[in-house]
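The values are calculated or read from the model by the stated rules, or taken from the named source; none is laboratory data. If you're wondering where the values come from, they're calculated on a predicted model, not measured in any experiment. Heads up, the Cβs are rebuilt from the backbone with ideal geometry, glycines too, and the neighbour counts pull from every protein chain shown. Please note that ligands, DNA and RNA were not included when accessible areas were found on the heavy atoms of the full protein model with its side chains. Shrake-Rupley method; radii C 1.70, N 1.55, O 1.52, S 1.80 Å.
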Amino acid sequence: MLLILGVSPEGAAVSLGKPLTASPLLSVRDLRVRFCQGESEVTAVAGVSFDIHRGECFALVGESGSGKSVSALSVMRLLQRQGTRLEGDVLLDGVDLFSLPEQAMETFRGGRIGMVFQDPMTSLNPVLSIGYQLGEVITRHQGLQGEPQRLEAIAWLDQVGLPDPREQLKAFPHQLSGGMRQRVMIAMALAGLPDLLIADEPTTALDVTLQAQILELLLRLQRERGMALWLITHDFGTVFDLADRIAVMHQGVLVETAGRTFFDGPIHPYSQALLKAMPRLDACFERPFSGSIASKENREALLSVRDVTVRYEAQRGLFSRQKPRPPAVDGVSFEMEPGETLALVGASGCGKTSLGKALLGLVPMVSGEVLLAGYPLSGEGGRTRCEDRGMLQMVFQDPFASMNPRMVVADILEEGLWALRPSMDPSERSDRVQSLLTAVGLEASALGRYPHEFSGGQRQRLCIARALAVEPKILICDEPTSALDVSVQAQVIDLLKSLQQRFGHSYLFITHDLGVVSALADRVAVMHDGRLVEMGPVREVLFHPQSPHTRRLLDALPVLRRGRLSP
Amino acid sequence: MPQLLPTDVFFFLTLFGLFGLLVYSLGQTHLRRPWQKVFQSTQAMVSLVILIPYLLVAVADSIRLEGVLVPQAGEGPVASSEPLSLLDLGLQRLRLSVEKTYSAPLQVELHAREMVRLPDGREIWSTPRLRYGGSHLIDPFKERTSDLFRRAIKGFFKGALVWLMLTVPLLAMVVWWTGDKRRVLLDIALGRSRFPWRAVLLAGLFLAMVVGVLAEWAAVYHVLGTDKVGADVLYQSLKSIRTGILIGTLTTVATLPLSLLLGILAGYFRGWVDDVIQYVYTTLNAIPGVLLIAAAMLVMQASMARHEAAFQSLALRADVRLLALCLILGLTSWTGLCRLLRAETLKLRNLEYVQAAKVLGVSQPRILLRHILPNVFHLVLIAVALDFSSLVLAEAVLSYVNIGVDPSTESWGNMINTARLEMAREPVVWWSLASAFCFMLGLVLPANLLADVLRDAFDPRRVS
């Protein structure tokens, strides 16, 4: 079936007309993209030049807002927004893409240049079957119809490693998992037999354990087909695994372009800082080992969780029946000490967030008991909910959704004090908020501003300040850094550490990123399918894992981030 | 002596409420930007230029005085038996110049032929002269066209003069406020100013001239003809404005508490609260609206008949019926907005800032008031603006099937209802229908255009 792949009329024409010299496949010269809206003008890309050769993997690395995705979209001429100004030359095999008529460009898109987007959930049409959507691409770019088209589609699904491709043709996107959907997206991008595949953050929206598989697939297909791969990412781990050449983008310009030697020592200070900020697995050796385990018997547990089970019911209603579902959290028990940091890790869907929400009372527990400083959190005989809640606080994942856009920062920060300490003096309240704002590294002028005026990292700082305002004993952090850029991530982690030293609270740190765990945690608890499969001090778990699930998480970590002492 | 009918009270309360809301929202930073967008939109501002006179007419028609002296034909002024609004007093001539029956717009004779007794005793089959319309003309067949033309020109210039008297101080204020005289005026002339001054002023000029001409004609003619009992149709149309606007605003106000409360509660608490509310509004939606309104109006009429003593004057009775209609319309049309609000609240309650508030121990009512309500408010604003025009139209439909406002209340629906029988006459009587249509269009079209701009400005999903 693979034979069919070679028979492409377009591909043949290309190879005949192609000069034999090593001229680059894609050549971008002085690309400039500006967005104009009224009188204001934003430069997204400010004069970028690079080449991509046949058969190589070119990685464009940068933080959010650096203009990397905009560059790719402008090469594809997909930036149709009003007021977009494009300048520069983009040559694909000697053809100037910017001067092509739109009709000719359409055959280039998907035909000569394929693209894989970040989110497989939204890039497939939910009402059409996989077979139909893939078949459409094959018909359009290879001219196949009927049975040959079907065989070709099956061949492609087989290529991208989808099990039972014949059956999957009939499936609809919602029946596939995220990883499978991304495989289908890759099959669709490749079915047009492109010379260049643009992959824009192809693994960011996927679960950690799937990321490695998708990257492996991309690499294999690129080598087999000899096409060029333009990888756009913020993650140096991915780049290290795949890229032949690396370009680092910062505020619309390329600060450095290098080969594999990049990882031996980047030249530009920005690339150096970026590479250094990336949390590595061996980070736990660079900080003092907390020896709290030895004195464990003497100390009273701050939080003890006993046999907690959480189950989400289908929505309860007067007239709807309930169907029992498997529990999201299944009999989890652990203890936490004052001032310690416990990391709760696991692949997505393992129940780590549900456990966190159950502790906070956001999700009801089916069974189990939670004692906070010796008192039960819920049920009879417990103290008032009001006080309990003050002792447990939460920092959320998405800094853009975690603050009410209609409230100013002062109100947001004071809200918890209003609710939990109603008798507090107004001047004392504002003093507390002021000092917290300084503690998280923001200026007092922030108080009168609205959340949308802050960047993602600043918002996360505000969220931390909001949680700390009511003096919690335990702060539950649900992936607080995963929505942030690498350099900002490092700052937030440092902030969390210094705040812990100052206020002495504990962290329950929910994450899938073992690098962050290593940088922050004293102990690690690994969850799988709602159960705790392994728990122990951070060095033990990360470097002498006992459970196969822990090992799988570790394997999913890109080679670069495993650090020197990787097992 | 001023007198207030129940609808007047509610109308003024609504107006004050809306004004307060506007002032409040202009003070909120997150709402100020959308408002700026609205104020900079030519479409919205020109619509307002047309809507504001409508509103002024409605307000003038809601301020009533009792025992006003009214000139009586043949005798001295007599205190009127029923309260008269400022609009009635302003349009005294139109109100009192009642003809015998139908006459076409701007005509000087009745519409249909009838037996006329000549001074010499003979009877002929002819169209007699009107009592008021064009009665100043001696030979109407020769003079009418030139008289109309002369008056039109006069009205044209009068309108322009009034416009100038308003515009010059306004512009002077703008110039004084901004400083640079030349540039500001040039910007306005070229349409470059941020606030669409040029479009607004031109729309104002157009409006002033049209009103000028109409007023000049209305002084001696029936501009839009007369109806079956000889009443002036222009006067009826103007009186109908209050009814239309009242139904549009009061009904929306009546829907708001229900849809806001139930929508937010259903979306926030889910569970059985959601079930109950959903079943209520799906059931309500399954009953034909007209049926429900008809039933409610009949019940209301029956109970009014039982308590006759409480409704002494005709005006009061008609007014209570109008108020009841607004309430009933409101009670049957809250479901659409309720659904929207429920869906939005469902989305909001899962957002992290609501969860964070729960974790912080913020009480439920406070979460609803501070976190949910302000974030669904744009939906309310959009829905209110869109519903307004559909309700004005609904009144016309309901009056057409005789379950609308009281027959003695002037309304576009009643005008259409009485005109529909005359459509079959030969020669056709078209003006009642046409006037109601034009006046309704003049209110609903700008209201819709304004609603479009409001939706674009306040809908966060449309923000680029």
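Compute the Cα gyration tensor for segment B:1-62, then decide on rounded, prolate or oblate, letting a ≥ b ≥ c be the square roots of its eigenvalues: rounded whenever a/c is under 1.5, prolate when a/b is larger than b/c in the other cases, and oblate in all that remain.
Working: a/c = 4.57, a/b = 1.66, b/c = 2.75.
Verdict is oblate for segment B:1-62.
The order of the peptides A:258-271, B:117-130, A:185-198 by mean Cβ neighbours within 10 Å, most packed first, is A:185-198, A:258-271, B:117-130. Taking amide H atoms as placed 1.01 Å from N in the peptide plane, the amide H of residue A:395 lies under 5 Å from those of A:476, A:477, A:478, each 5 or more residues away in sequence or on another chain. Take each residue in A:401-409, count the other chain C-beta atoms within 10 Å of its C-beta, and the mean is 6. Helix B:431-458 and the long axis of chain B differ in direction by around 20°, with both axes built from C-alpha atoms.
Extending 7 Å from the Cα toward the beta-carbon at both residue A:272 and residue B:314 defines two label points whose distance is 9.6 nm. Listed by chain and number, the lysines whose alpha-carbon sits under 30 Å from that of residue B:181, ignoring those within fewer than 8 places in the same chain, are B:37, B:158.
What is the Rg over Rh value, at two decimals, for segment A:476-567, using alpha-carbon atoms and the Kirkwood definition of Rh? Could you put the intermediate results ahead of the total?
Numbers: Rg = 13.4 Å, Rh = 14.1 Å.
My calculation puts Rg/Rh at 0.96.
Computed with every protein chain present, the accessible area of residue B:100 is close to 120 Å² [probe 1.4 Å].
Over all directions, how big on average is the projection of the convex hull of the alpha-carbon atoms in segment A:395-540, in square nanometres? Walk me through the numbers on the way to the answer.
Values: hull surface 37.8 nm².
The orientation-averaged projected area of the Cα hull of segment A:395-540 comes to 9.4 nm².
For residue B:340, the accessible surface of its heavy atoms amounts to roughly 90 Å² (probe 1.4 Å, protein chains only, rounded to the nearest 10). Helix screen, chain A: DSSP H segments with Cα axial length of 15 Å or more and mean Kyte-Doolittle hydropathy at least 0.5 are A:178-191, A:409-420.
My understanding is that a pair violates if its Cα-Cα distance is over 23 Å; which of A:357/A:473; A:276/A:497; A:357/B:347; A:497/B:347 do that in this structure?
Details: A:357/A:473 16 Å; A:276/A:497 18 Å; A:357/B:347 18 Å; A:497/B:347 34 Å.
Listed pairs above 23 Å: A:497/B:347.
For chain B, the longest principal axis of the alpha carbon atoms and the long axis of helix B:373-400 meet at an angle near 30°. Each peptide in B:343-350, B:219-226 was scored by the mean count of other Cβ atoms within 10 Å over its residues; highest first, the order is B:219-226, B:343-350. Ordered from highest to lowest accessible area with the whole protein assembly present and a 1.4 Å probe, B:162, B:70 read as B:162, B:70. By definition, a body whose alpha carbon gyration tensor gives a ≥ b ≥ c is prolate when a/c is 1.5 or more and a/b is larger than b/c, and the protein assembly as shown fits this prolate description.
Going by a ≥ b ≥ c, the root eigenvalues of the Cα gyration tensor, does chain B fall in the rounded group (a/c under 1.5), the prolate group (a/b larger than b/c) or the oblate group? Could you put the intermediate results ahead of the total?
On the way: a/c = 2.44, a/b = 1.45, b/c = 1.68.
It is oblate, given that a/c is not under 1.5 and a/b is not larger than b/c.
Residue A:456: net charge of surrounding residues, Cβ under 11 Å, Lys/Arg +1, Asp/Glu -1, itself excluded?
Numbers: positive: A:459, A:461; negative: A:63, A:398, A:485.
Overall, the nearby charge balance is -1.
Within the shell of other residues whose beta carbon sits under 14 angstrom from the beta carbon of residue B:94, the net charge comes to -3, with Lys and Arg scored +1 and Asp and Glu -1.
Sorting A:479, B:143, B:426 on solvent-accessible area from highest to lowest, probe radius 1.4 Å, gives B:426, B:143, A:479.
Note on residue A:310: accessible area approximately 0 square angstrom, rounded to 10, probe 1.4 Å, nucleic acids and ligands left out. If the chain linking residue A:34 and residue A:166 were pulled fully straight, counting 0.36 nm for each residue of separation and taking away their Cα-Cα distance, it would gain 42.9 nm. Model label sites at residue A:455 and residue B:131, defined 7 Å from Cα along the beta-carbon direction, differ in position by 8.2 nm. Report the calculated FRET efficiency for residue B:219 and residue B:408 (r = Cβ-Cβ distance, R0 = 35 Å), to the nearest 0.05. Computed FRET efficiency for residue B:219 and residue B:408 comes out at 0.85.
What is the average number of partner chain Cβ atoms found within 10 Å of a Cβ in B:357-370? Could the numbers behind the result be given before it?
On the way: counts 6, 6, 17, 16, 16, 6, 3, 0, 0, 3, 3, 0, 0, 6.
Whole-number average of other-chain Cβ neighbours for B:357-370 is 6.
Extending 7 Å from the Cα toward the beta-carbon at both residue B:343 and residue A:64 defines two label points whose distance is 2.7 nm. Highest mean packing first, where packing is the average number of other Cβ atoms within 10 Å per residue, the peptides B:227-238, A:218-229 line up as B:227-238, A:218-229. Shown here: chain A, whose C-alpha atoms stretch 81, 54, 53 Å along the first, second and third principal axes, sorted largest to smallest.
Inter-chain neighbour count for B:344-356: the average number of beta-carbon atoms from partner chains within 10 Å of each residue's beta-carbon is 5. What's the angle, to the nearest 10 degrees (0 to 90), between helix B:412-422's Cα axis and the longest principal axis of chain B? Here the helix axis deviates by roughly 50 degrees. Between residue A:498 and residue B:37, the FRET efficiency from the beta-carbon distance, with R0 = 35 Å, is close to 0.20. When you filter the trypsin sites (Lys or Arg not before Pro) in segment A:150-191 for DSSP loop state and at most 16 other Cβ atoms inside 10 Å of their Cβ, you are left with A:170.
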